[in-house]
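The values are calculated or read from the model by the stated rules, or taken from the named source; none is laboratory data. Predicted model only: the values in this text are computed from it and were never measured. So basically every Cβ, Gly included, is an ideal-geometry build from the backbone, and we count neighbours across all protein chains shown.
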Amino acid sequence: METSTIPILKSGDCLISSPQVALHDKLAVQFKNEVLQQAIETRAKGFVLDVSAIDVVDSFLVRQIGEIAASLNIMGTQTIVVGIRPEVAMTLVEMGYSPERMQTAPNLEIGLKTLQKTWRI
Amino acid sequence: MKKSAKVDQDFARPHAFVSVGGSIMAKKLTTTQLSSIVDSVQPVALYNDDLKIVYCNPAYCQLVGLSPTEIMGKHCYEVIPGVSCHTENCTSIRAKKEGKISFETRKHILSTDRYIPAKITAIPIKDSEGNMTATLEAITDLTEQEAILERDEAIRKMSTPLVDTWENIVLIPLIGILDTTRARQITESILERIAKEKSQIIVILSIGGIATIDTKAANHILKTVHAVKLMGSEMIITGVRPDVAATLVTLGIDLTGIVTRSHLREGLEYAFDKLGWKVTKNS
């Protein structure tokens, strides 16, 4: 399997990933598969996805991120998306994406704290 | 009434053809009549093929602050230099190339002592053989318009203040009418603020002073609430008046998932509670 070259880091019981490149369709799918694989291998309890470097999103990417969150939640890994930019937030809302579908936090620090507080990770 | 002006090669004796209701009445205006017309309009100058100024009216001289003798024979880029000079974007060059009227809005054109924002309109002029040899440029001074726009912008900014009420609590008191422009302005300033902030904040939108609200604006506010949530913060709405509430319900706007409180103080209480503050009274 080709790797996406997007680093997925492990810290304690948490996985952290912060894509710094534009996530085009193929890359997004690879990334999703890698995250799910890593979550199983490392038995992580939480996953923090930092999207502060992503300034353009399309419906496909939104779907992929939603799928990552949903799949991980089923696998028992709490996902939190942090650092959504204003323009991305507006795009998501325009697309009709409701915020209840994923947990969010302003930045990585608060994201990790939230995981610790709510899920004792 | 349609008017078409044709200018002779020597530009000294312009003729005017006045067409009335389709039938053309060739009527030659005297030079005095024509020049009084030209003198009374906005700044206008006639350029030859080399972009040399061969005619300009008094308004033009006044705008650039030079006397007619100083202007005549100079190139237009010497008198009113701009960023598009010597490029394909030049209004006159475009007009000649495309054979139709072209426009350009310049931030500044240089006058003797000041910069003037202006709109330049170039009209291509054909000679008797039908070749595009000259252009007529009319300049519209936009100073007043710009000033109005600036003032509007300042007022718009002032109309949506972000008040730091407490640590991580931002209050937006709204008074007056909530229309789409204002709603968009609110969205922009809130999201910018949240992006700048390092921690989770609670935004209280107090709409107690809002008399009317339309569907578009209401939807925009709802979208903002969702966007704020996506960015990891929270926005609550307080002080919805009975008539506004009734309007929202009648319009069929879905407020589920949005925290609303009756008054600003309940809103503050909610925010304090959420952030772990406790207000106690001494003694």
Condition test on residue B:162, is it surrounded by fewer than 17 Cβ atoms within 10 Å (Cβ to Cβ) and not basic (Lys, Arg)?
-> yes
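Residue by residue, here is whether (1) facing chain B (nearest Cβ under 10 Å); (2) under 13 Å from the mean Cα position of the chain (by Cα); (3) within 30 Å of residue B:219 (Cβ to Cβ) holds:
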| residue | (1), (2), (3) |
| --- | --- |
| A:36 | no, yes, no |
| A:61 | no, yes, yes |
| A:67 | no, yes, yes |
| A:76 | no, no, no |
| A:90 | yes, no, yes |
| A:103 | yes, yes, yes |
| A:109 | yes, no, no |
| A:114 | yes, no, yes |
| A:120 | no, no, no |
For the range B:46-86 the number of residues that are of a type in the set (Val, Ile, Thr), outside any helix (DSSP H, G or I) and either modelled with pLDDT of 80 or more or surrounded by 15 or more Cβ atoms within 10 Å (Cβ to Cβ) (or both) is 3
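Would you confirm, using the coordinates I've provided, whether residue A:55 is more than 14 Å from the chain's Cα centre (by Cα) and either at the interface with another protein chain (Cβ under 10 Å from one of its Cβ atoms) or in contact (Cβ under 8 Å) with a residue 12 or more places away in the chain (or both)? Walk me through it before giving the result.
Values: more than 14 Å from the chain's Cα centre (by Cα): yes; either at the interface with another protein chain (Cβ under 10 Å from one of its Cβ atoms) or in contact (Cβ under 8 Å) with a residue 12 or more places away in the chain (or both): yes.
In short, yes.
Among the candidates B:165, B:212, B:187, B:181, single out the residue that is part of a helix (DSSP H, G or I) and more than 14 Å from every other protein chain (Cβ to nearest Cβ). Even if it seems obvious, please write down each step before you answer.
On the way: B:165 fails: part of a helix (DSSP H, G or I); B:212 fails: part of a helix (DSSP H, G or I); B:187 fails: more than 14 Å from every other protein chain (Cβ to nearest Cβ).
B:181 is the lone residue from the list that is part of a helix (DSSP H, G or I) and more than 14 Å from every other protein chain (Cβ to nearest Cβ).
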Can you run down the residue pairs with Cβ atoms below 7 Å, 6 or more apart or on separate chains, where the first is in the range B:215-228 and under 16 Å from residue A:83 (Cα atoms) and the partner is in a helix (DSSP H, G or I)?
-> B:226/A:93; B:226/A:99; B:227/A:89; B:227/A:90; B:227/A:93; B:227/B:191; B:228/B:190; B:228/B:194
Residue B:256 meets each of (1) surrounded by 13 or more Cβ atoms within 10 Å (Cβ to Cβ); (2) among the polar types (S, T, N, Q); (3) within 14 Å of chain A (Cβ to nearest Cβ) with one exception, condition (1)
Subset of the range B:263-272, residues surrounded by 12 or more Cβ atoms within 10 Å (Cβ to Cβ) and either free of Cβ contacts under 8 Å to residues at least 24 places away in the same chain or within 39 Å of the chain's Cα centre (by Cα) (or both), comes to B:263, B:264, B:267, B:268, B:269, B:271
